[in-house]
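Each reported figure results from applying straightforward, stated rules to the coordinates on display, with no laboratory input. If you're wondering where the values come from, they're calculated on a predicted model, not measured in any experiment. Cβ placement follows ideal geometry from the backbone for every residue including glycine, while neighbour counts extend to all protein chains displayed.
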Amino acid sequence: MARKEAEVSEMKAPGSWDERFRVRAGETGPGSLLRLPALCDWLQETAGNHAAALEWGTDALRERGIAWVLSRLTLEVTALPRQGEEALVRTWPSGVYRLWSLREFEVTDPQGAGLARATTGWLLFRLADRKPSRPPRELAALEASLPPRLIDDRFEEVAAPSSSAAGPVFRVGRYDLDANGHANNVAIVRWLLESLPSGPGLARPSLRTRIELRGECFEGDVLNAHVERAGAATLHSLVRESDAREVARAETTLPGDDR
């Protein structure tokens with residue numbers, strides 16, 4: 001299997017980290033545009049490499065019995081690169097809010113034009129009891145020396161769609177799993193995006209989505225999507241069929257989609 005084509009740079013500014021990606025054929029969809037889940041893969045890759053450089057990476061944390069778990073994602077996309085084009089992903093930690101360790105992302109083309117930006121909230125997850133742990137003080141102290149947040153989102157709760165608003169059904173496969181044995185956060189984001197109703201809005205690369213990852217799911221789990229229009233936005237969620245537990249929910253707006 002080919003290695004992901006990414007160039008890891010030195011830190012450009014205190015606490016920031018850059019990686020340059022070239023869009024591969026397997027990462028594209030209609031119009032040869034980068035698929036949104038592939039963009040999320042880029043964000044995850046960049047965050048993981050930066051965390052490792054800061055000695056807060058997956059391997060170092062596993063030795064301490066903890067792991068990073070993505071809990072909140074607010075993503076704004078204005079344009080997407082095409083096959084063969086390059087993009088720069090810049091990321092930095094931006095302090096602590098409640099139990100979340102915050103991290104920002106900015107995606108630009110080679111000329112510096114903005115393509116996407118995101119703010120995220122991560123939990124430190126104790127592997128022994130599957131519960132969150134309070135962020136250490138040194139992460140909170142970083143905030144004073146780092147660039148500000150790109151999106152000042154306080155992660156207010158996303159409204160849930162009606163339980164009667166039935167959507168597509170997804171099954172967690174073995175290749176959806178991450179190093180901790182549960183479905184990778186990008187797989188969950190992909191199912192949420194796939195649950196959006198088809199229409200002209202999806203032909204455009206721009207969108208804004210607020211996503212809450214609320215629970216784990218594992219190989220073989222069946223996830224029922226619920227999808228409901230709410231004004232200009234779409235509310236959509238994933239509910240595990242076996243116990244009716246909600247795994248994730250989102251509120252997504254497709255600019256210009258006024259159906």
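What the table shows:
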| quantity | calculated |
| --- | --- |
| Most positive-pole-ward Cα, Q44, F125, G114, against dipole of the range 29-187 from beta carbon charges | F125 |
| Average Cα contact separation per residue, the chain, under 8 Å, 6 or more apart, as relative contact order % | 17 percent |
| Relative contact order of the range 99-242, pairs being alpha-carbon contacts under 8 Å that are 6 or more residues apart, as % | 22 percent |
| Kirkwood Rh (inverse of mean 1/r, distinct Cα pairs), the chain, angstrom | 19.0 Å |
| Only Lys, Arg (+1) and Asp, Glu (-1) charged, at Cβ; the chain dipole about Cα centre in debye | 240 debye |
| Added length on full extension, which subtracts the Cα-Cα distance from 0.36 nm per residue, A79 to A25 | 17.7 nm |
| Cα principal axis extents for the range 59-138, largest first, Å | 44, 24, 20 |
| The range 111-139 and the range 40-65: distance between their alpha carbon centers, rounded to Å | 10 Å |
| Calculated log₁₀ intensity ratio I(q)/I(0) where the Debye formula runs over C-alpha points of the range 157-259, q = 0.13, 0.19, 0.22, 0.24 Å⁻¹ | -0.43, -0.89, -1.13, -1.29 |
| Listed peptides 30-38, 125-133 by packing density, highest first (mean Cβ within 10 Å) | 30-38, 125-133 |
| Anisotropy class of the range 1-155 from Cα gyration tensor, a/c 1.5 cut | prolate |
| FRET E, pair R62, I151, Förster distance 25 Å, beta-carbon r, rounded to 0.05 | 0.25 |
